[in-house]
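The structure appears below as structure tokens.
The values are calculated or read from the model by the stated rules, or taken from the named source; none is laboratory data. Remember, predicted model here, so these are calculated numbers, not experimental data. Every residue, glycine as well, gets a Cβ built from its backbone with ideal geometry; the counts of neighbours run over all protein chains shown.
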Amino acid sequence: MLVTLVKDSQSSFLGLLDAAAIALEHELVARAGLMSSGFSVELPYTPQGANMLAPLLLAWRMARPGRSVTLRLEDGSALEIGELSAAQIEWKLPLVAEVAIVELPEP
């Protein structure tokens, strides 16, 4: 699953992952080509990871206006998680090809 963080998402979403004890290797971030506008990281799917990632994605998405998390499924369809529960997101994660995490700058 490819997780793409766009715009101002870098610090706040990575901080949330770090706070939840999800270790991102420094060299992995460097290999991902960290840029000011965003970057992508490939994460392997595991049931334990999905159990932790689903509520994190939802909590981050709902914490502030201007944030969106879109799941692009392997069949090409996409859905924004704002109306889903953490359990529904967790159930979808095995089918996800890419997660787009976007945070617009505050006005």
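Of all the residues in segment 57-80, those that are at pLDDT 90 or above and in a helix (DSSP H, G or I) number 5. Among the numbered conditions (1) part of a loop (DSSP other than H, G, I, E, B); (2) within 11 Å of the chain's Cα centre (by Cα), the only one that Glu98 does not meet is (1). Screening Ala87, Ala54 for residues that are modelled with pLDDT of 75 or more, in a helix (DSSP H, G or I), loosely packed, with under 14 Cβ neighbours inside 10 Å and not acidic (Asp, Glu) leaves exactly one candidate, Ala87.
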